[in-house]
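Only one structure is covered here, and it is reproduced in the block below.
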Amino acid sequence: NAGVTQTPKFQVLKTGQSMTLQCAQDMNHNSMYWYRQDPGMGLRLIYYSASEGTTDKGEVPNGYNVSRLNKREFSLRLESAAPSQTSVYFCASSLTVSPYNEQFFGPGTRLTVL
Amino acid sequence: AQSVSQHNHHVILSEAASLELGCNYSYGGTVNLFWYVQYPGQHLQLLLKYFSGDPLVKGIKGFEAEFIKSKFSFNLRKPSVQWSDTAEYFCAVSSSGGSYIPTFGRGTSLIVHP
């Protein structure tokens, strides 16, 4: 099992460019999440998908869109990148959205917006 | 809403020293508590978790944490650290009455010198 995979690992964008971060899991989990990690800020939830066909905003959704393509895949799109979106992005999954469930994380995407 | 505070942002220790990382949460109801670890270049993984029962929880690699309800704390401890414990450590809290999705602290960067 690969667990949670993310592509790309690194990306440099210019202000105003768009891009999509891809995430896939092979654990048959129902729920998936996108976080950003900034120095001194910990992990902040951007969007999540409790199950296939549903998505909800997290703490910092502005400037992002998501698509739950199927049960395995959950993508994050930046329509017009801004320097404030320079961050490390982590995708995670869990069996369900439950306070008892462990989250499994991908390796992250390091994004720099110039 | 629940929140998590990790007071130690950077900790530097020598091998064999004892470790205690602080974690305090704010939420008046029943909580579930997690410690995740992120080794350099790797993704976050679960170190240990507490749901109920014995407040002293043992995790992987010799780590343990104690839930003290009266102090709203869930501190992480290890009697003798190793160089391989160099990592970033995140405390997280979820709750049935608040957010099912874990809220993460800012993280503590631990460097262990050989």
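So for the stretch A:20-39 (the condition being more than 20 Å from residue A:102 (Cβ to Cβ), within 14 Å of another protein chain (Cβ to nearest Cβ), not in a loop (DSSP other than H, G, I, E, B) and not charged (D, E, K, R)), does at least one residue qualify? Among the residues of the stretch A:20-39, not one is more than 20 Å from residue A:102 (Cβ to Cβ), within 14 Å of another protein chain (Cβ to nearest Cβ), not in a loop (DSSP other than H, G, I, E, B) and not charged (D, E, K, R), which makes the answer no. Taking the criterion of being surrounded by fewer than 20 Cβ atoms within 10 Å (Cβ to Cβ), away from chain A (no Cβ under 14 Å), assigned to a strand (DSSP E or B) and at pLDDT 95 or above, would at least one residue in the stretch B:77-91 satisfy it? Within the stretch B:77-91, one or more residues are surrounded by fewer than 20 Cβ atoms within 10 Å (Cβ to Cβ), away from chain A (no Cβ under 14 Å), assigned to a strand (DSSP E or B) and at pLDDT 95 or above. Reported count of residues in the stretch A:70-114, each being within 30 Å of residue B:53 (Cα to Cα) and either surrounded by fewer than 19 Cβ atoms within 10 Å (Cβ to Cβ) or not polar (S, T, N, Q) (or both), is 10.
Residue count for the stretch B:40-58, restricted to those that are in a loop (DSSP other than H, G, I, E, B) and either away from chain A (no Cβ under 14 Å) or at pLDDT 95 or above (or both): 2. Give me the residue from the stretch B:8-39 that is over 19 Å from residue B:64 (Cβ atoms) and surrounded by fewer than 16 Cβ atoms within 10 Å (Cβ to Cβ) and, out of that set, nearest to the other protein chains (Cβ to nearest Cβ). My answer is B:9. For beta carbons closer than 6 Å, sequence separation of 6+ or different chains, a first residue in the stretch B:95-114 that is without any contact (Cβ under 8 Å) to a residue 24 or more places away in the chain and a second that is buried (at least 19 other Cβ atoms within 10 Å of the Cβ) and of a type in the set (A, V, I, L, M, F, W, C), the qualifying pairs are B:100/A:97. Has the stretch B:98-108 got at least one residue that is more than 10 Å from chain A (Cβ to nearest Cβ) and more than 11 Å from the chain's Cα centre (by Cα)? No, the stretch B:98-108 contains no residue that is more than 10 Å from chain A (Cβ to nearest Cβ) and more than 11 Å from the chain's Cα centre (by Cα). In the stretch A:87-114, the residues that are within 11 Å of chain B (Cβ to nearest Cβ) and closer than 18 Å to residue A:39 by Cβ reach residues that are surrounded by 20 or more Cβ atoms within 10 Å (Cβ to Cβ) and basic (Lys, Arg) with C-beta atoms within less than 8 angstrom, at least six apart or across chains, in these pairs: A:88/A:36; A:90/A:36.
Residue-by-condition table, conditions (1) touching a Phe, Trp or Tyr at 6+ places or on another chain (Cβ under 7 Å); (2) farther than 24 Å from residue A:90 by Cα; (3) without any contact (Cβ under 8 Å) to a residue 60 or more places away in the chain:
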{"site": "B:8", "(1), (2), (3)": "no, no, no"}
{"site": "B:27", "(1), (2), (3)": "no, yes, no"}
{"site": "B:44", "(1), (2), (3)": "yes, no, yes"}
{"site": "B:47", "(1), (2), (3)": "yes, no, yes"}
{"site": "B:56", "(1), (2), (3)": "no, yes, yes"}
{"site": "B:67", "(1), (2), (3)": "yes, yes, yes"}
{"site": "B:89", "(1), (2), (3)": "yes, no, no"}
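Anything in the stretch B:49-86 that is within 17 Å of residue B:105 (Cα to Cα) and touching an Asp or Glu at 6+ places or on another chain (Cβ under 6 Å)? List them, or say none. Once the filter is applied, which keeps residues that are within 17 Å of residue B:105 (Cα to Cα) and touching an Asp or Glu at 6+ places or on another chain (Cβ under 6 Å), the stretch B:49-86 yields B:75, B:77. Look at (1) crowded, with 20+ Cβ neighbours inside 10 Å; (2) modelled with pLDDT of 95 or more; (3) hydrophobic (A, V, I, L, M, F, W, C) and you find that residue B:101 fails only one, number (2). Only one of the numbered conditions (1) farther than 16 Å from residue B:43 by Cβ; (2) assigned to a strand (DSSP E or B); (3) not hydrophobic (A, V, I, L, M, F, W, C) is violated by residue A:16, and that is (2).
The values are calculated or read from the model by the stated rules, or taken from the named source; none is laboratory data. All figures in this text were calculated on a predicted structure; none of them were measured in a lab. FYI the Cβ positions are ideal-geometry reconstructions off the backbone, even for glycines, and counts take in every protein chain you see.
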